[in-house]
Amino acid sequence: MIIRLNNEKRRARMLSVDDGLTPTQWIAICNAFGCCCAYCGNAVTDQDTEMDHVVPIVRGGRHGPCNIAPACERCNAKKKDKPVNVFLKVHGLNPTAVAERFALALQRLGEAA
Ligand SMILES: [Zn+2]
């Protein structure tokens, strides 16, 4: 019983690990996406850019630079905790265009590093 409790505590602790995202990393990610929503591709401003967890936290995603993308309020509100592929399909967004935006952003982030 004690071992089981310890395992559950350990699991809870691991799940709550915050990979961390610095303000500098967030700005670099937004710039890498060309100050556009990662999903619809519309231009976003500092005021209306929201931080989207690509893999939602409730689905095991982390709060770290590898799992964060800029999203407009509209897309973020629609995506909520849906997996990306489901969100794109339900809302008629082009998965190829989204994949290209992510690939370009990753390339830009790689060049900046
Ligand atoms: Zn959008």
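Output the number of residues of region 40-63 satisfying the condition of being within 12 Å of the ligand (Cβ to nearest atom) and free of Cβ contacts under 8 Å to residues at least 60 places away in the same chain. Steps first, please.
Taking region 40-63 first, the residues within 12 Å of the ligand (Cβ to nearest atom) are 40-44, 48-50, 52.
Imposing the further condition that a residue be free of Cβ contacts under 8 Å to residues at least 60 places away in the same chain reduces the set to 40, 42-44, 48-50, 52.
Qualifying residue count, region 40-63: 8.
For region 67-111, which residues satisfy the criterion of being among the small types (Gly, Ala, Ser) and either under 16 Å from Pro56 (Cβ atoms) or touching a helix residue (DSSP H, G or I) at 6+ places or on another chain (Cβ under 6 Å) (or both)? Steps first, please.
Our first condition is that a residue be among the small types (Gly, Ala, Ser); within region 67-111, this holds for 69, 71, 77, 92, 97, 99, 103, 105, 110.
Within region 67-111, Ala69, Ala71, Ala77, Ala105 qualify.
Which residues, counting only those in region 92-106, are over 16 Å from the mean Cα position of the chain (by Cα) and touching a residue at least 40 places away in the same chain (Cβ under 8 Å)?
Initially, region 92-106 is screened for residues over 16 Å from the mean Cα position of the chain (by Cα), giving 92-94, 96-97.
Across region 92-106, the qualifying residues are Leu93, Ala97.
Please verify whether Leu93 is surrounded by 15 or more Cβ atoms within 10 Å (Cβ to Cβ) and either more than 14 Å from Val55 (Cα to Cα) or modelled with pLDDT under 95 (or both), treating the condition exactly as stated.
Working: surrounded by 15 or more Cβ atoms within 10 Å (Cβ to Cβ): yes; either more than 14 Å from Val55 (Cα to Cα) or modelled with pLDDT under 95 (or both): yes.
So Leu93 passes the test.
Can you confirm whether Ile27 is among the aliphatic types (A, V, I, L, M) and surrounded by 14 or more Cβ atoms within 10 Å (Cβ to Cβ)?
Values: among the aliphatic types (A, V, I, L, M): yes; surrounded by 14 or more Cβ atoms within 10 Å (Cβ to Cβ): no.
Here the answer is no, as Ile27 does not meet what is asked.
Under the condition of being of a type in the set (A, V, I, L, M, F, W, C) and in contact with a Leu (Cβ under 7 Å, 6 or more places away or on another chain), which residue from region 64-101 is farthest from the ligand (Cβ to nearest atom)? Walk me through how you get there before you give the answer.
Kept after step one, since they are of a type in the set (A, V, I, L, M, F, W, C), are these residues of region 64-101: 66, 68-69, 71-72, 75, 77, 84, 86-88, 90, 93, 97-99.
Narrowing the set further to residues that are in contact with a Leu (Cβ under 7 Å, 6 or more places away or on another chain) leaves 68, 98.
Working: Ile68: 15, Val98: 10 Å.
Ranking the qualifying residues of region 64-101, first place goes to Ile68.
Could you grab me the full set of residues in region 19-35 that are in contact with a helix residue (DSSP H, G or I) (Cβ under 7 Å, 6 or more places away or on another chain) and either within 11 Å of the ligand (Cβ to nearest atom) or in a loop (DSSP other than H, G, I, E, B) (or both)?
First, the residues of region 19-35 that are in contact with a helix residue (DSSP H, G or I) (Cβ under 7 Å, 6 or more places away or on another chain): 21, 25, 28-29, 32-33.
Leu21, Phe33, listed by residue number.
Is it the case, given these coordinates, that Ile2 is modelled with pLDDT under 95 and among the hydrophobic types (A, V, I, L, M, F, W, C)?
Working: modelled with pLDDT under 95: yes; among the hydrophobic types (A, V, I, L, M, F, W, C): yes.
Criteria met by Ile2.
The values are calculated or read from the model by the stated rules, or taken from the named source; none is laboratory data. Owing to the predicted nature of the structure, the values given are computational and were not obtained by experimental measurement. Because the Cβ atoms are built from the backbone with ideal geometry, glycine has one as well, and the counts that use them run over all protein chains shown.
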